[in-house]
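Throughout, read-outs are computed from the coordinates displayed, never taken from laboratory work. Fair warning: this is a prediction, and the values are worked out from it, not measured in the lab. Positions of Cβ are backbone-derived with ideal geometry, glycine not excepted, and every protein chain shown enters the neighbour counts.
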Amino acid sequence: MKRKLLAVVLAGTMIAQNGLPTYASDIVVQSDTEVSDFGSEETVSDVQEETAEPEDEVDSSEQEEVLPNEEEKEEISGDDPLEDVITEGEEPAEEEENISDEFGTGEDETQQEPQELFGDGEEKPEEFSAGEEEILPATASADDLVYGDLTYRVNNNKVTITGYKGSGTSAVIPAKIGSYEVKEIADRAFSGCGTLESISLPEGLERIGYQFIANTGITSLTVPSTVTASGYAYVGSGYAGATAGAMELQEVKFAEGMKKIPENFCRNGSPNSAIQRIVLPSTVMEVGNSSFQNCAGLETVNFGKEVGKVGDHAFAGCVSLSRISFEENSKQVVGTDGKKRLYPLEIGSDAFAGCSSLTEIDWSKNVKIVGTEAFYGCTGLTAVQVPENVTSVGDRAFGNCSSLENISLPE
């Protein structure tokens, strides 16, 4: 009997010390019988019957009071006193799961909350947050504005025309949009507008991008006198300028008042026979480098008397060009030595190289310099009379002119 009382006292003592209820059923024994110090045998069932009464005295409310709260659980370290009450044959993971279930769902409290949904249940992107401006789709630009059938941008108080949304046969570019002047047409701005047959460009325009009217039905183009620059880029087999790809374009007129034909303006990456006629104003003083390179449809070019330079490669590859003429200028200029001379004209390197159909050159006495390979590969030439005022003829200026039989140089 003393042994029975001792078991009851021991169970109560463990409850008080560890803060958790320990039942007699939790006491692990090595056999079904227990031998007392005095040699008498007592069954485990007898012990359980004697300890049943203390078990009833501990209800679930008391059990909740001795369990740690959430904050206390987070402070538990490796020497957690709860480990002391884990009995033989039990796994710690099950005990922790029971504690967690007592206070919630058993899930990690530090788990991030699910992302907010928007729209039709679509998950909100990580970079999107409340109050952040919506990002436009890639097919639109936040900088593009609309004026009639035109799209445009404003930079530094200047307008750049970026595109055309209409379906008409003609487009008119205004000189101003609101209080801002139109100064530029972007690269390929009207490219692919197949219904377009004409386009009107305003005075005041300064730059026109490459291939700006490619694949349109435009047949004639007048370039304002204020245009000073042309975009160009390597496309396919070579560099392409403003009118490149305009396969229906037959005539290009440059307005009176223009001083220099922009470099690369009518340049084609490969021979393009579309442009058959160009009109240079009497005010032009210089034809820019590569400005008509590979315009394979050109047949004749007339240079006004104010032209003082034909740039490098200006007409290179114009394989249909048969005749060129330079108007004489009687104006005199004062040289660095103080002496008066005729207004000089320089023909740049490769200026007419590869013009295989060229048979006639109507020189003027103003020509002073003929550049390196200026007429290289002009296989149609049979005779050349170089003007008497020429002071310099570059290397291979008439090289590979296979039909050339007679050439006369100044003394």
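Some observations on this one:
- Magnitude of the charge dipole, the stretch 142-280, Cβ model with Lys/Arg +1 and Asp/Glu -1, debye to 20: 220 debye
- In the stretch 142-280, lysine pairs closer than 25 Å at Cα, eight or more apart or cross-chain: 12
- Among D395, D187, D149, a tally of other beta-carbon atoms within 10 Å of each Cβ gives an order, fewest to most, of D395, D149, D187.
- Multiplying the residue separation of K365 and T226 by 0.36 nm and removing their Cα-Cα distance gives an extension gain of 47.0 nm.
- Column: log10 I(q)/I(0), Debye, Cα scatterers of the stretch 299-411, q = 0.15 Å⁻¹: -0.60
- Two-decimal Rg/Rh across the stretch 142-280, once Rg and the Kirkwood Rh are taken from alpha-carbon atoms: 0.94
- Relative to the Cα centre, the charge distribution of the stretch 299-411, modelled as +1 at Lys and Arg Cβ and -1 at Asp and Glu Cβ, gives a dipole magnitude of about 380 debye.
- Length added when fully stretched, T219-E327, from 0.36 nm per residue minus Cα-Cα: 36.1 nm
- Rounded if a/c under 1.5, otherwise prolate or oblate - the stretch 243-382, Cα gyration tensor axes: prolate
- In this structure, A255 and N389 have a Cβ-Cβ separation that, at R0 = 30 Å, corresponds to a calculated FRET efficiency of about 0.45.
- At R0 = 41 Å, FRET efficiency that the Cβ-Cβ distance of S200 and M285 yields, to 0.05: 0.95
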